[in-house]
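Taking it in order: structure first as structure tokens, then the write-up.
Nothing in this text is a laboratory measurement; each read-out follows from the coordinates by a stated rule. All values derive from a computational prediction rather than experimental measurement. Here Cβ is always computed from backbone atoms with ideal geometry, including for glycine, and neighbour counts include all displayed protein chains.
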């Protein structure tokens with residue numbers, strides 16, 4: 001599924017390319033959490049982040065918003081792991097109703113949820129946009145999963 005990218009998103013993608021020389025596949029402007037989420041081409045994540053996060057700090061200064069980056073992967077399990085980083089994703093399972101359940105390390109549950117649910121919202125948007133899948137639940141890894 002290829003999302004449509006508006007002028008504002010294209011501008012932000014081009015800004016990232018100019019400042020970091022990394023390729024962004026998509027850009028989501030999240031007004032609710034006052035952030036911009038970039039979907040970075042596989043293998044370009046180090047270039048996008050920069051040494052010790054210098055490129056992210058530079059982008060935040062230029063754009064005046066919090067910047068988050070997620071590395072793209074064609075495999076849904078790796079993509080889910082990338083979305084929830086730095087939380088440790090133990091596994092994912094697709095339920096009968098088509099929704100995705102993500103299992104994370106018990107100690108990383110708070111990180112996986114994010115402040116005010118911002119990480120879950122990011123995952124919900126990206127998974128529906130690229131894999132046509134809804135995010136169901138995010139559970140601690142101590143529970144049984146497939």
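Here are a few candidate values for Rg and Dmax of the Cα atoms in Å: [x] 15.3, 46; [y] 17.8, 66; [z] 16.6, 65. Which one was actually calculated from the structure I just gave you? So the structure-derived entry is [x]. Short-range pairs are left out: with C-alpha atoms under 8 Å and at least six residues apart, the relative contact order of the chain is 18 percent.
Angle of helix 7-20 to the longest C-alpha principal axis of the chain, folded into 0 to 90 degrees and rounded to 10: 80°. What percent does the relative contact order of region 76-140 come to when contacts are Cα pairs within less than 8 Å and at least six residues apart? Contact order relative to length: 35 percent. Extension gain for residue 134-residue 109 works out to 7.1 nm (0.36 nm per residue, less the C-alpha to C-alpha distance). Provide the percentage of antiparallel DSSP beta bridges, counting only those with both residues in the chain; round to the nearest 5. Just about 50 percent of them are antiparallel.
Extension gain for residue 77 to residue 15 (0.36 nm times residue separation, less C-alpha to C-alpha distance): 19.4 nm.
FRET efficiency for the residue 125 to residue 95 pair, using the beta carbon distance and R₀ = 22 Å, is estimated at 0.70.
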